[in-house]
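A.B. asks: Just dropping this structure here.
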Amino acid sequence: MNSRDGKVRVGIVGCGAIANAHVLAYLSSPHVELIGVFDSDGARAEAFAAKHGTTAYPTLQALIDLAPDLVSVATPPGSHTQLTLALLAAGCSVLLEKPPTINLADMDILLAAESESAGSVYVVFQHRHGSGARRAHSLLASGALGVPQVAVCETLWFRPDSYFLPDWRGNWAGEGGGPTLGHGIHQIDLLLHLMGDWDTIDAKASRIARPIEFEDVSMAIVTFANGALGSVVTSLLSPRETSRIRIDTTGGTLEVEHLYGYSDSDWSWFPAPEEVAAASNGRDPGMATTTHGNSDIGDAANPWAVSAGTDVQSNHAAQIHHLIDDLVAGRPHETTLSSTRPTMEFVTALYASSLERASIRRSDLTPDRGFYHRLDGGLDADVVGRRLSVH
């Protein structure tokens, strides 16, 4: 990084809604100099720049010519690859809004370009960066919470028909995939971050109600490398919105439930009951029982309770501040393009399993398969429509 006065020189490409999360995070860091923005819609770029006290540039090259250290790419997913290739060719580092690409082929193109560039590629998966996930990841990795056995991952959100009015939404060409790729990927990434490698996926995706080319609901059963089983549900038809991950281990139950971002208070840890107490489970079905423990007990022997520290919410600022601090200090930042490939593999396998109506192993996702190149597998639109139909 060639920062000046200890500051990271930052540009932003794309001035739509999600760019606001990027710019506010950058402006709240004392280590950032926001040098300019670019959007293919010049009027939008000018309005965005005026609002945030920076300069709009008429072309991407004009922004590149300023030699930024880091550029956020906050454009529709289908444009990520070409923009990132241009930035890497100029030696710029890139922070890609999720999803990083719309297929594995593009991801591998970027990985190859990154290996030849002075720049690096990072991906926005902010749920890895809240204090709750950091504690959970560390405690699960160390074995302090026991061995994971069962996992539940839910993204139950609601988007009306009008959400898909922009011409790049609701179709494979613009978004690359449906809510599994564009919405559920947040929780899927956090699940994999906590659970580790996965082996197989059996999935069903359906288009039930929305006027779109892909699914509005998907469900999957996943087998993890350690033998644990999990279920993953993504929906845009769920009026009471929630985002939830639950992991049952040999030591207890770890759970986080929130909507678009969590705080420490959204996490809970319920230690497994003693054998004598557990022996009475289910003897009085339908009767209320007391819980056997939670994260608020404060027991010194409770690894979750004693690991508590400063509460950091899982928003863009959490990750961007972490990234900027790493760049200033010359440290590697862990949410790299390569570290997010398993998440894109998972999403790809879910579509492949649903549309091929078969179990998909991680090892099946090779360049000779259609799903490596497109999440609809390159199948005819009529075939995709029939296989997503619930009728």
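A.B. asks: Whether any residue in the stretch 299-312 is polar (S, T, N, Q), in contact with a Pro (Cβ under 8 Å, 6 or more places away or on another chain), within 30 Å of residue 178 (Cα to Cα) and modelled with pLDDT of 85 or more is what I want to check. Step through it out loud before you land on a result.
C.D. replies: Step one: of the stretch 299-312, the residues polar (S, T, N, Q) are 302, 307, 310.
Then drop every residue that is not in contact with a Pro (Cβ under 8 Å, 6 or more places away or on another chain), which leaves 302.
With the extra rule that they be within 30 Å of residue 178 (Cα to Cα), the set shrinks to none.
Checking the stretch 299-312: not a single residue is polar (S, T, N, Q), in contact with a Pro (Cβ under 8 Å, 6 or more places away or on another chain), within 30 Å of residue 178 (Cα to Cα) and modelled with pLDDT of 85 or more.
A.B. asks: Sticking with this one: Taking residue 100, is it under 18 Å from the mean Cα position of the chain (by Cα), in the same structural domain as residue 15 (by TED's automatic domain parsing), within 24 Å of residue 325 (Cα to Cα) and not charged (D, E, K, R)? Before you say what the answer is, go through the steps one by one.
C.D. replies: Working: under 18 Å from the mean Cα position of the chain (by Cα): yes; in the same structural domain as residue 15 (by TED's automatic domain parsing): yes; within 24 Å of residue 325 (Cα to Cα): yes; not charged (D, E, K, R): yes.
Judged against the criteria, residue 100 is a match.
A.B. asks: Using the structure shown, decide if residue 167 is without any contact (Cβ under 8 Å) to a residue 60 or more places away in the chain, surrounded by fewer than 20 Cβ atoms within 10 Å (Cβ to Cβ) and acidic (Asp, Glu).
C.D. replies: yes
A.B. asks: Show the residue pairs that are 6+ apart or on different chains and have beta-carbon atoms under 7 Å apart, the first residue being within the stretch 172-187 and on the phi < 0 side of the Ramachandran plot and surrounded by fewer than 24 Cβ atoms within 10 Å (Cβ to Cβ), the second being of a type in the set (Ser, Thr, Tyr) and part of a helix (DSSP H, G or I).
C.D. replies: Going by the 7 Å Cβ cut-off, the qualifying pairs are 185/343.
A.B. asks: Next up: Here are 231, 235: which of them is over 30 Å from residue 317 (Cβ atoms) and among the small types (Gly, Ala, Ser)?
C.D. replies: When all the criteria are applied, what remains is 231.
A.B. asks: Oh, and also: Just give me the residues in the stretch 139-177 being assigned to a helix (DSSP H, G or I), farther than 23 Å from residue 351 by Cα and among the hydrophobic types (A, V, I, L, M, F, W, C), in sequence order.
C.D. replies: The answer is 139, 140, 141.
A.B. asks: Test of understanding: among 65, 69, which residue is surrounded by fewer than 17 Cβ atoms within 10 Å (Cβ to Cβ) and either among the hydroxyl-bearing types (Ser, Thr, Tyr) or closer than 24 Å to residue 9 by Cα (or both)?
C.D. replies: When all the criteria are applied, what remains is 65.
A.B. asks: Sort out which residues of the stretch 358-391 are among the basic types (Lys, Arg), assigned to a helix (DSSP H, G or I) and in contact (Cβ under 8 Å) with a residue 40 or more places away in the chain, and write them in order of number.
C.D. replies: 362
The values are calculated or read from the model by the stated rules, or taken from the named source; none is laboratory data. Given the structure is predicted, the values throughout are model-derived calculations rather than measurements. Because the Cβ atoms are built from the backbone with ideal geometry, glycine has one as well, and the counts that use them run over all protein chains shown.
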